[in-house]
Amino acid sequence: MTTSDATPRTLHELAAQFGIEAPRRDVEITGLNTIEAAGPTELTFLSNERYATKLKESAAGAALVPADFEGELPMPALRTAQPRIVFAKLMSAFHPRAQRPAGRHPTAIVPESCTIGDDVSIGAYVVLGENVTLGDRCVLHPHAVLYDDVVIGADCEIHGHVSLREGVVLGDRVIVHNGSVIGADGFGFEPDADGSLFKIPQVGSVRIADDVEIQANVCVDRSALGDTLVGEGTKIDNFAQIAHGCTIGKHSVICGQVGLAGSTKIGNHVMLGGGTGSAGHVEVGDGVQAAARSGIMMDLEPGAKVGGVPAIPIKDALRAVLYAPQVPSIARRLKKMERRVEALEEAENADA
Amino acid sequence: MTTSDATPRTLHELAAQFGIEAPRRDVEITGLNTIEAAGPTELTFLSNERYATKLKESAAGAALVPADFEGELPMPALRTAQPRIVFAKLMSAFHPRAQRPAGRHPTAIVPESCTIGDDVSIGAYVVLGENVTLGDRCVLHPHAVLYDDVVIGADCEIHGHVSLREGVVLGDRVIVHNGSVIGADGFGFEPDADGSLFKIPQVGSVRIADDVEIQANVCVDRSALGDTLVGEGTKIDNFAQIAHGCTIGKHSVICGQVGLAGSTKIGNHVMLGGGTGSAGHVEVGDGVQAAARSGIMMDLEPGAKVGGVPAIPIKDALRAVLYAPQVPSIARRLKKMERRVEALEEAENADA
Amino acid sequence: MTTSDATPRTLHELAAQFGIEAPRRDVEITGLNTIEAAGPTELTFLSNERYATKLKESAAGAALVPADFEGELPMPALRTAQPRIVFAKLMSAFHPRAQRPAGRHPTAIVPESCTIGDDVSIGAYVVLGENVTLGDRCVLHPHAVLYDDVVIGADCEIHGHVSLREGVVLGDRVIVHNGSVIGADGFGFEPDADGSLFKIPQVGSVRIADDVEIQANVCVDRSALGDTLVGEGTKIDNFAQIAHGCTIGKHSVICGQVGLAGSTKIGNHVMLGGGTGSAGHVEVGDGVQAAARSGIMMDLEPGAKVGGVPAIPIKDALRAVLYAPQVPSIARRLKKMERRVEALEEAENADA
């Protein structure tokens, strides 16, 4: 699905809209498409240099490329220092978010005690608990389940098979994709005298701020006491595990399969690469960037760029990783050296 | 949600209940709360030394601290050598588990062939297959799905969007949180002569013993033959993957994102840190503790404390991890040494 | 559940069927079972050498063992160079896939605009969006949710709590287990001038070819442009994350907790061990085998056998892993050597 319902525009109009110098040739643009599939009225995007050769053979009507892109292209090109954000906004212009018609499917269960905003769309077999609040224009897809006392702001979209547990609070414009579970019990158990594990009631809650997007099959757990918090504009990818009592700041990016242990504190504008983990109670400063699979075991200063386990400055981590396969040969060379030094010492002793 | 419906008590009463020496000053306690949020009738808990300074500024009416906590506090304190289990039991006393009213939502599908215990609560849109058995006082939240022949003991709680597949057996007091899948097919395929992958029917089942708690979005797979087993009192956190034919003992702790390959055998009182993995068919003895992200590739003796990949004694693993970034400088120093030894050898030869 | 409805056969008949030399003694075989549980009319299978001793004590009526198995057995044995695929086919013969009766549960929501094949089984509370197409003999278990414009071929099986998002296309004989999400939005955001993250609409789709099996709680994401593709016969285990724009070839095996970053290209007959990850845009050639937890950061040639992070030839990776714990002692020995060489140099200088 790459064609668009939006009015077609010309390449020159698009250039003007984004303050980009217009190429000489103009062309009508009806949509965006991949390098391989784009046709003569479609704009394509060079997302990665490795596709430069393919781009030169593309049938696309126009191309969006980095300002420093070198070489001839068969189609007119928009050149910009920020090709990724321009691409994002072009996509958004050609694919405005679909509006769901307001309405309540007859099979949706909405107790009298709920407060439902205007123009809300509630799909088939949705179940709301008691005292749920939904803001204006929310969309609940079929099979969303909201437990008692959930509060959701305006313009949220909750997909099928999402569970929002008791008392969870979402801000405005929050999107939660299929299968995610917000507010299940934190993993809190203490070994008792007889060796069994005693469950600590998890009576805190989870609060998700405005403009957060949570992808599919994510878990954000509730805490024993106090709330687990996700700050404004933060995005959380599939299979991320946000344990009880974590606090995540604003506009941070939590990639897939990240695992944050209990009470981790993540700052604003942080980027945690896929599979990154944290030990409990650590603090990660604003603007930290952690490479994929980092193991954050101690606090990290704002702006740190880290990698490895434990997470250390990314340059050191990369060097360590690249040198690791040399350890067997280092061991061999060291062994040989020890013999040579021994021989030298014997000779020296003999001389003396 | 941190206030409690339970009768308020005094700090002295609580001290007596847990056999802790009472502080001089008494105070009425209505509930527990975090260091930041606790008010003058609330008890707070120092869960981690790093919050000691905050505790000194807390408005809490009382505090629970380790026996060896040093320094003055503005509030009376309960001091105990086991603060964590005392906290757990206090939480439990102030937050007794809510009782769901028995009843069957009219939309729940319960075939005639099912056997339903007393005082069972079955939520909206729950689907039971044929011949399902539910013990007394079970709670099935809306959108739980139980396939044919599932057998559940008494006092279990099954949350929304949980799938219990055909023939799965749960003991008493088992809790399964949202989105977990118990008894989906094991990942069993064999390459056939033509290079395609031939599916091995998975006709074993999964048996979960009493007092197990399974958090959200967990997978416990069924086996080709024989049962996958989870022992009494074991707790399994979000995203854990328990493959076909695994056996987990009693009172073990399987943290988030653990991945156990087929036929792994885990003993009693084992603790597997987050993201730990195992190779197939390995045996992990009773009481083993594996640090986060351990890679268990060989059998482990009872009581072993391990870490790293492959999992080795934790002390060695930590030392190896800390030294890994030194490898580049070791390589450089070795190179330099080799040159110096060569120079010495030449001098020695010249001398001779 | 290990007994079978299939007609019993004799061991000699089974031997003939698979072209295996028949043992002297014949015995009636009613089913397969584990070494521990098999009775006198059941065939058991030695899946791993470590169970050889147990096999000798088994009450099984017959055993399937590798051709090179040594030692006496109390029961007649089928010996074959390919015991695993013979086991798989025996399992399949004794446990043919159950046929679901065709029919549509009265609570299933099937809009007029859908196209439903013959002999389709649609379970309770299934929700189909507009314009969904289901091929002949498909089975949709209770609580499957298919968004608008989903197209499914013949003989597919979709389990409970599966979400197939808008426009997703499945071939014939595809199986999707519980909780998996196919076609949720790719994780595509770009930092905007104000530091917020701008969502890139994900208007591509996901296409799954014939004979693919997707286990439980898997995510296969849709892309901004173009389709995410999974090739014929490929099998994907629990918790695998297939990001936007990935292409997976035919008959590949993607084990549990694998995480493929955006636009990864995986060839045919590839095997990715559990927890393996890839960086974005890398290409993995046909027949590559990656050990558990490999980190694929660069393109891999066809047939490569790799391991480690970054993924390097498996032999080098294993050696590096085994030597890693020696780094602390290497550092110590190097230090000592430096002192001895210094002493030698001083002596040499003194001599000169």
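The values are calculated or read from the model by the stated rules, or taken from the named source; none is laboratory data. Since we're looking at a predicted model, the values are computed, not measured. Here the Cβ is made from the backbone with ideal geometry for all residues, glycine too, and neighbour counts use every protein chain on show. These accessible areas exclude ligands, DNA and RNA; they are computed on the full protein's heavy atoms, side chains included. Shrake-Rupley method; radii C 1.70, N 1.55, O 1.52, S 1.80 Å.
Overview of values
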{"read-out": "Boolean, A:VAL258 is over 19 Å from C:ALA279 (Cβ atoms) and open to solvent by less than 20 Å² (accessible area, probe 1.4 Å)", "value": "no"}
{"read-out": "Enumeration of residues in segment A:224-234 that are in a loop (DSSP other than H, G, I, E, B) and either among the acidic types (Asp, Glu) or touching a strand residue (DSSP E or B) at 6+ places or on another chain (Cβ under 8 Å) (or both)", "value": "A:LEU225, A:ASP227, A:GLY231, A:GLU232, A:GLY233, A:THR234"}
{"read-out": "Of residues in segment C:166-189 being on the phi > 0 side of the Ramachandran plot and open to solvent by 20 Å² or more (accessible area, probe 1.4 Å), the one farthest from the other protein chains (Cβ to nearest Cβ)", "value": "C:ARG173"}
{"read-out": "Unique residue being within 14 Å of chain C (Cβ to nearest Cβ), open to solvent by 10 Å² or more (accessible area, probe 1.4 Å) and either out of contact with any Asp or Glu (no Cβ under 9 Å at 6 or more places or on another chain) or polar (S, T, N, Q) (or both) when the list is A:ASN268, A:ASN217, A:ASN238", "value": "A:ASN268"}
{"read-out": "Candidate set from segment C:152-165 (those that are within 20 Å of the chain's Cα centre (by Cα) and more than 10 Å from chain B (Cβ to nearest Cβ)); member that is surrounded by the fewest Cβ atoms within 10 Å (Cβ to Cβ)", "value": "C:GLU157"}
{"read-out": "Criterion (free of Cβ contacts under 8 Å to residues at least 60 places away in the same chain, open to solvent by 40 Å² or more (accessible area, probe 1.4 Å) and within 13 Å of chain C (Cβ to nearest Cβ)) met by exactly one of A:LYS250, A:LYS315", "value": "A:LYS250"}
{"read-out": "Any hit, segment A:298-310, residues being surrounded by fewer than 16 Cβ atoms within 10 Å (Cβ to Cβ), over 19 Å from the mean Cα position of the chain (by Cα) and closer than 26 Å to A:GLY188 by Cβ", "value": "yes"}
{"read-out": "Any hit, segment C:279-293, residues being more than 10 Å from every other protein chain (Cβ to nearest Cβ), touching a residue at least 12 places away in the same chain (Cβ under 8 Å), in a helix (DSSP H, G or I) and β-branched (Val, Ile, Thr)", "value": "no"}
{"read-out": "Scope segment C:153-207; condition of a type in the set (D, E, K, R) and in contact with a Phe, Trp or Tyr (Cβ under 8 Å, 6 or more places away or on another chain); matching residues", "value": "C:ARG165, C:GLU166, C:GLU190, C:ASP192, C:LYS199"}
{"read-out": "Qualifying residue in segment B:269-290 (condition: acidic (Asp, Glu) and modelled with pLDDT of 95 or more)", "value": "yes"}
{"read-out": "Members of segment A:190-214 found to be more than 9 Å from chain B (Cβ to nearest Cβ) and not in a loop (DSSP other than H, G, I, E, B), listed by number", "value": "A:VAL206, A:ARG207, A:ILE208, A:GLU213, A:ILE214"}
{"read-out": "Where a residue in segment A:86-103 is within 10 Å of chain C (Cβ to nearest Cβ) and its partner, wherever it lies, is of a type in the set (S, T, N, Q) and open to solvent by less than 30 Å² (accessible area, probe 1.4 Å), with Cβ under 6 Å and at least six apart", "value": "A:VAL86/A:THR80; A:PHE94/A:SER4; A:HIS95/A:SER4"}
{"read-out": "Any chance C:ARG79 is more than 10 Å from every other protein chain (Cβ to nearest Cβ) and not hydrophobic (A, V, I, L, M, F, W, C)", "value": "yes"}
{"read-out": "Segments classed as helices (runs of 4 or more DSSP H), wholly inside segment A:1-106, with at least 1 members that are touching a Phe, Trp or Tyr at 6+ places or on another chain (Cβ under 7 Å)", "value": "A:83-94"}
{"read-out": "Whichever residue in segment C:73-108 is surrounded by fewer than 20 Cβ atoms within 10 Å (Cβ to Cβ) and of a type in the set (A, V, I, L, M, F, W, C) and, among such residues, is farthest from the chain's Cα centre (by Cα)", "value": "C:LEU73"}
{"read-out": "Single unsatisfied condition, B:PRO40 versus (1) surrounded by fewer than 17 Cβ atoms within 10 Å (Cβ to Cβ); (2) farther than 30 Å from A:VAL151 by Cβ; (3) out of contact with any Lys or Arg (no Cβ under 9 Å at 6 or more places or on another chain)", "value": "(2)"}
{"read-out": "Test set (1) surrounded by fewer than 24 Cβ atoms within 10 Å (Cβ to Cβ); (2) more than 9 Å from chain B (Cβ to nearest Cβ) - A:ASP149 fails condition number", "value": "(2)"}
{"read-out": "Every residue from segment A:318-350 that is in contact with an Asp or Glu (Cβ under 8 Å, 6 or more places away or on another chain), within 7 Å of chain C (Cβ to nearest Cβ) and open to solvent by 40 Å² or more (accessible area, probe 1.4 Å)", "value": "A:PRO325"}
{"read-out": "Residue list for segment B:53-72, restricted to those being closer than 26 Å to A:VAL282 by Cβ and open to solvent by less than 20 Å² (accessible area, probe 1.4 Å)", "value": "B:LEU55, B:SER58, B:ALA60, B:ALA63, B:LEU64, B:VAL65"}
{"read-out": "Members of segment C:253-265 that are within 14 Å of chain B (Cβ to nearest Cβ), in a strand (DSSP E or B) and within 20 Å of C:GLY233 (Cβ to Cβ)", "value": "C:VAL253, C:ILE254"}
{"read-out": "Single condition C:VAL230 does not satisfy, out of (1) touching a Gly at 6+ places or on another chain (Cβ under 7 Å); (2) surrounded by 24 or more Cβ atoms within 10 Å (Cβ to Cβ); (3) free of Cβ contacts under 8 Å to residues at least 40 places away in the same chain; (4) farther than 30 Å from A:HIS251 by Cα", "value": "(1)"}
{"read-out": "Given (1) at the interface with chain B (Cβ under 10 Å from one of its Cβ atoms); (2) without any contact (Cβ under 8 Å) to a residue 40 or more places away in the chain, index of the condition C:GLU42 fails", "value": "(2)"}
{"read-out": "Selection count where residues are crowded, with 24+ Cβ neighbours inside 10 Å and either assigned to a loop (DSSP other than H, G, I, E, B) or at pLDDT below 95 (or both), scope segment B:133-146", "value": "5"}
